[in-house]
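What follows is calculated from the coordinates using simple rules that are stated; it is not laboratory data. All of these numbers come straight from a predicted model, not from anything done at the bench. Counting neighbours? That spans all protein chains shown, and the Cβs are built from the backbone with ideal geometry, glycine included.
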Amino acid sequence: MAQLVRRWLYSAVAVAAVAASIVFEAGRVNATPAGGANKPSTGQAAAGTRTPATNANHASAATETYAAPLAPLRFGARGPGIRSIQQRLNQLGYYAGPADGQYGGDLREAVWAFKEVQGLPMNARSNSVITTAFRQALVHPRQPVTKFAGGGADRIEVNLGIQVLVLYRHDKPHLILHISSGGGYYFCASSSNCGYAVTPDGSYTASSYIPGTITVALGQMENPIFYIGTVYAIHGGEPVPWYPDSHGCVRIYSDVVKWFHNEVTIGSTRIYVFGKAPYRPKLASAS
């Protein structure tokens, strides 16, 4: 069955394979150094996009004194309490978007990532609520657990078990993102091509990058960074719910994917995928 799905997937993205080889031969996308807040992105990012407004020294930031808001906050809220949360999460390496005091999609993805790293509950009812436990964890946060400390000072670790991607710079967490990986559900692309939506674990290298949005048999990929041929990629272009939902790729949020490729060196950056995804039923809406 696995071989059947693999053959179908490879044929389904034949067009992407050609495009990837053209881009790969045309040039490399090099990583940009960590810098100040909202540093303009370079390379092939869309005009007007920004790199993450995060503090490069997250280890020291985690120990700084921080006074969290006193009341619970929910998606759609506005005000100085939201701005404080945005600033703190960006400081810790969780991309929460600009600190504009509005609880929107960027902050929600950062809230999910922070909850996942801190081991806080994730469920359809309260996953986006900035709870008392969440605010307490902001004061003394735990760092992501690394499984590949010797895997390169600049690397990506994708933890399927908690649905988090961590990009390391100089062997320290530089960027921490919520992801949505393979949903584990059974699907059929045709009567003869069926299988389970699974993200393979293992050790890989970022092999090619395609700017823009491409259409493949299973949907759309925005700015995909491929790491297993031209089949599995880190990409945007599709919803990133709080639970595993993809056909096998690693989805990241649309605002992040506009500049994420600037943080990766094609042909060099190592990508480690590990853990077992907490599969949930495929739902119509759970965010």
Inset, instruction - Note down the nm distance, to one decimal, between modelled labels 7 Å out along Cα→Cβ at residue 65 and at residue 196. - result: 5.2 nm
Legend entry - Alpha carbon convex hull of region 145-266, volume per residue in cubic angstrom: 102 Å³
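With a 10 Å radius around each residue's Cβ, average the other Cβ atoms per peptide and rank 78-90, 127-139, 187-199, highest first.
Working: 78-90: 19.5, 127-139: 17.6, 187-199: 15.0.
The densest-packed peptide leads the list: 78-90, 127-139, 187-199.
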Legend entry - Shape call, region 63-139: gyration tensor on alpha carbons, a/c limit 1.5: rounded
Inset, instruction - Kindly identify region 232-273 as rounded, prolate or oblate by the Cα gyration tensor criterion: order the square roots of the eigenvalues as a ≥ b ≥ c, call it rounded if a/c is under 1.5, otherwise compare a/b with b/c, prolate if a/b is larger, else oblate. - result: oblate
